[in-house]
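**Student:** Have a look at this one.
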Amino acid sequence: MKILILVAVALAIPIIPFLIWGQWLEQAAHAWEETQPSPWVMAIVLFGLLSLDVLLPVPSSLVNTLAGAKLGVFAGAAVCFAGLTVGAAIGFGLAKLAGPPLQRRWLADSDAQSLKKFADNWGVVTLVITRALPILAEAAVVLLGVQGLSWRKFWPPVLLANAGIALAYSAFGNLAAEQEWLVIALAISAGLPLLLTFLARRWLQTADKKEIAQ
């Protein structure tokens with residue numbers, strides 16, 4: 001039964017997001033096509049959105065996919081990499097400066113406790129593992145900043161993870177645009193990370209409860 005449920009979830013990944021966001025994404029895609037902003041304007045807008053990801057509810061995976069579709073694989077990946085990196089640095093820097101008040105502002109108690117235990121065991125690898133997950137990516141950056149992680153230890157995992165994420169999403173978006181299924185690709189890129197975040201949070205909370213029970 002568990003295997004069947006997992007298979008059903010996997011098959012539903014490209015369908016459910018499309019049903020939820022399909023009409024809105026299609027309208028947004030058409031509007032974007034009609035305006036046809038210059039590549040430089042588009043790059044600046046996408047970079048700005050990703051840079052403010054830690055402060056605003058920006059669907060970074062969707063923005064990354066759109067960048068690949070509109071700017072090409074390598075130009076899109078470069079813009080996404082820069083935006084993701086600046087956004088992470090802003091969140092980390094604010095966390096180091098503001099400390100506990102920022103943690104209370106951005107992190108739920110359950111997320112903070114679960115991520116802290118995970119970070120204690122896995123250290124900076126936490127930054128790599130959570131980089132592609134909405135909510136948890138920002139939570140990990142803030143948490144490790146509050147805990148006093150040095151910039152020297154912060155940069156390598158973040159740069160490595162951001163490079164992989166930016167290139168993967170940009171290639172996905174570029175392929176989708178060439179094959180004319182960009183709207184579906186945007187729906188998948190919006191829905192899949194949210195599903196993975198939900199599963200990761202459940203796993204962290206379950207592991208936390210088991211540890212307490214022991």
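**Student:** So, taking all protein chains as they sit and a 1.4 Å probe, how much accessible area belongs to residue 182, in Å² rounded to tens?
**Tutor:** Around 30 Å² of this residue is reachable by solvent.
**Student:** Right, something else. Could you work out how much longer the chain between residue 206 and residue 97 gets when fully extended? Use 0.36 nm per residue separation minus the Cα distance between them, nm to one decimal.
**Tutor:** Using 0.36 nm per residue and subtracting the Cα-Cα distance, I get 36.1 nm.
**Student:** Quote the accessible area belonging to residue 122 in square angstrom, nearest 10, computed with a 1.4 Å probe and with ligands, DNA and RNA left uncounted.
**Tutor:** Answer for residue 122: close to 140 Å² accessible.
**Student:** How big is the gap, in Å, between the Cα center of segment 63-81 and the Cα center of segment 131-181?
**Tutor:** Answer, in whole Å: 14.
**Student:** Taking 0.36 nm per residue of separation and subtracting the Cα-Cα distance, what length does fully extending residue 41 through residue 155 add?
**Tutor:** Taking 0.36 nm per residue and subtracting the Cα distance, the gain is 38.2 nm.
**Student:** While we're looking at this one, here's another question. Just to check I understand the Karplus step: with θ = phi - 60° and J = 6.51 cos²θ - 1.76 cosθ + 1.60, what whole-Hz values come out for segment 144-156, glycine and proline as x?
**Tutor:** Here the 3J(HN,Hα) series is 5, x, 5, 6, x, 4, 6, 4, 4, 7, 6, 5, x Hz.
**Student:** Please compute the modelled spin-label separation between residue 74 and residue 52, points set 7 Å along Cα→Cβ, answer in nm with one decimal.
**Tutor:** So the label points at residue 52 and residue 74 sit 3.1 nm apart.
The values are calculated or read from the model by the stated rules, or taken from the named source; none is laboratory data. Keep in mind that this is a model prediction, so the values were computed, not measured. With ideal geometry, Cβ positions are generated from the backbone for all residues, glycine too; neighbour counts draw on all protein chains shown. Heavy atoms of the whole protein, side chains included, go into the accessibility calculation; ligands, DNA and RNA do not. Shrake-Rupley method; radii C 1.70, N 1.55, O 1.52, S 1.80 Å.
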